[in-house]
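Contents: one structure, followed by commentary.
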Amino acid sequence: MTPPGAARALERCEELAALTSMVGGIERVHLSPEHAAANALAADWMREAGLAPWQDQAGNVCGRLEGASPGLPALVLGSHLDTVPDAGRYDGMLGVLLAIEVAERVRRSGTSLPFALEIVGFADEEGTRFGTALLGSHAFAGTWAADWQALADPKGVSLGEAARGFGLDPATIAEAARAPADLVGYLEAHIEQGPHLEDAGRALAVVSSIAGARRLALTVTGRAGHAGGTPYDRRRDALVGAAEIIVEIERIAVQTGTIGTVGGVRAFPGGVNVVPGRARFSLDLRAETDTARDDAWDRIDSFARKVCERRGLQWAVEEFYRADAVACDPALRTAVEAGIRATGDEDPVVLWSRAGHDGMAVAAVTGVAMLFLRCGNGGVSHSPDEIVDEADVATALDAFEGAVHAVAARYEAHE
Ligand code: GLV
Ligand code: MN
Ligand code: MN
């Protein structure tokens, strides 16, 4: 058996990678058979580490290690076990596995913490199957919206039906919600998913805040026509209008320091010899603050309206996801910095997270903070090319453990 620590966490990432619905790649979505298998494996690993595991009513896999006495509020360590399509091996999974290693170190050292440690492998951070992200962490935070049970996957299976098929009772989802009084805070370790640490030659960072995001489905409608017979001055080409808007989205994002991504475009009817009468495209818009994100959207929207007016097109906007930016809790952030300092890094790098994380939802019920570790290959993520260095994982594990002890020292001083 691989000895506890970074090597074992990485070996377990490989084991989880084998739980996939995609031939030749990794895809593990909410409430799928692969999700059930990943939860079972994570529960086994938690049990081995000395935790008592269970699966909550949202499909999150949890484990608990009691503190100095039974029933104390818990410091929660976690991340997610679901993936995007054709995913990497570390986004989410590594954070859950490092949490298990930290809990095992605490148990083996015989340290009695002034709080319980709980680990959560969240069920759905990415939103791959049902479009809405953070379903597991919203249930945990008690911010589940009743109409989410009706969300449907691309095959038309509703979330409620999928939950029943998974062995859950959708009527009991509220029982997954945690009370603030039962929680000390939430810490998550995650790969950076960007190039900043690699470029700076640094292994770890403390996160200052998690970006706010809005996701929109945008439609430009014109008039379909014959590709040969429709003169340019009579065309109402929806795709060319959309293209102008898409290029401007990039310009506005670069200019405002926000991030706008058009990840999907479709033209209708889609014939080679037909002027497109309708174009639909998605927009994922993120920024460090909600104001920056919303101001960028106002500029995009007003540019699009002008383009459509000039070209005789219609513009329609449907927002299907919004998550506000979350500032990390100052005391927990200081604890993460202390953990990084304990590894010999006297001046921890501070980054805001451009990616979304379960902490955005968990922040509704308790303070959150995050530790980032460098990923290689230019920081690529949401890709099979995601890589991490074992030495960085070992340093991150030490820092994560150090952060837990720093939270404990502060908690003891204030209780
Ligand atoms: C989740 O990984 C996101 O930021 O989209
Ligand atoms: Mn992700
Ligand atoms: Mn993630």
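Only four residue types carry charge here, +1 at the Cβ of Lys and Arg and -1 at the Cβ of Asp and Glu. Report the dipole size of the stretch 212-323 about the Cα centre in Debye, rounded to the nearest 20. Walk me through the intermediate numbers first.
Values: 18 positive and 15 negative charges, 101 e Å.
For this selection, approximately 480 debye.
Using the 2.2 N^0.38 Å rule of thumb for compact globular proteins, work out how the stretch 117-213 stacks up: its C-alpha Rg over that value, please.
Expressed relative to 2.2 N^0.38 Å, the Cα Rg reads 1.33.
Largest first, how would GLU318, GLU386, GLU248 line up by accessible area (1.4 Å probe)?
Numbers: GLU318 100, GLU386 5, GLU248 25 Å².
Highest to lowest solvent-accessible surface, that is GLU318, GLU248, GLU386.
Provide the gained length on full extension for the span ASP182 to PHE320, in nm with one decimal, where the gain is 0.36 nm per separating residue minus the Cα-Cα distance.
46.5 nm
How much of the DSSP beta bridge set in the chain is antiparallel, as a percent to the nearest 5?
Numbers: 44 of 65 bridges.
DSSP beta bridges in the chain are roughly 70 percent antiparallel.
Which of ASP124, ASP91, ASP182 ends up with the largest GNM mean-square fluctuation for the chain, with Cα atoms connected below 10 Å?
ASP182
Between ARG47, ARG310, ARG12, find the one with the highest GNM mean-square fluctuation for the chain; connect C-alpha pairs within less than 10 Å.
ARG310
If you roll a 1.4 Å probe over the heavy atoms of the protein chains, what accessible area per residue do you get for the stretch 217-354, in Å²? It would help to have the intermediate numbers written out before the result.
Working: 7300 Å² over 138 residues.
Ligands and nucleic acids excluded, the result is 53 Å² per residue.
Please find, in a Gaussian network model of the chain (springs between Cα atoms separated by less than 10 Å), the residue of ALA238, ALA139, ALA181 whose mean-square fluctuation is greatest.
Highest fluctuation among the options: ALA181.
With the full set of protein chains in place, find how many percent of the accessible area of the chain is carbon and sulfur; take the probe as 1.4 Å.
Details: 8730 of 16870 Å².
The value for the chain is 52 percent carbon and sulfur by accessible area.
ASP147 to SER21: extension gain in nm, 0.36 nm per residue of separation minus the Cα-Cα distance? Could you put the intermediate results ahead of the total?
Working: separation 126, 0.36 × 126 = 45.36 nm, distance 2.72 nm.
Full-extension gain reported as 42.6 nm.
So the label point goes 7 Å from the Cα of THR261 along Cα→C-beta, right? Which residues of the stretch 376-408 then have their backbone N under 19 Å from it?
376-388
For the pair THR289 and SER158, how long in nm is the line joining their label points, each one 7 Å along Cα→Cβ?
Computed distance between label sites THR289 and SER158 equals 4.2 nm.
Tell me the per residue accessible area of the stretch 162-202 using a 1.4 Å probe; a whole number in Å² is fine.
On the way: 1830 Å² over 41 residues.
It amounts to 45 Å² per residue over the stretch 162-202.
Kindly report, to the nearest 10 Å², the accessible surface of ASP147 as traced by a 1.4 Å probe over protein heavy atoms only.
Probe radius 1.4 Å; accessible area of ASP147 about 110 Å².
With every protein chain kept in the model, how would you rank THR83, THR2 by accessible area, 1.4 Å probe, largest at the top?
Working: THR83 5, THR2 30 Å².
So, going from the largest accessible area down, we get THR2, THR83.
Dipole size in debye (nearest 20) for the chain around its Cα centre, Lys and Arg Cβ +1, Asp and Glu Cβ -1?
Numbers: 37 positive and 59 negative charges, 331 e Å.
Result for the chain is approximately 1580 debye, rounded to the nearest 20.
Excluding ligands and nucleic acids, what accessible area in Å² is computed for ARG293 using a 1.4 Å probe, to the nearest 10?
Per-residue accessible area (ARG293): approximately 0 Å².
Per-residue accessible area for HIS138 at 1.4 Å probe radius, Å² rounded to 10?
Surface accessible to solvent at HIS138 totals approximately 40 Å².
Bin all alpha-carbon pair distances of the chain at 10 Å intervals from 0 and give each bin's fraction as a whole percent.
5, 21, 30, 24, 12, 6, 2, 0, 0
The values are calculated or read from the model by the stated rules, or taken from the named source; none is laboratory data. On a predicted model such as this, the values are computed, not experimentally measured, just so you know. Cβ coordinates were reconstructed from backbone atoms using ideal geometry, including for glycine residues, and neighbour counts include every protein chain displayed. Note: accessible area is taken over every heavy atom of the protein model, side chains too, but ligands, DNA and RNA are not part of it. Shrake-Rupley method; radii C 1.70, N 1.55, O 1.52, S 1.80 Å.
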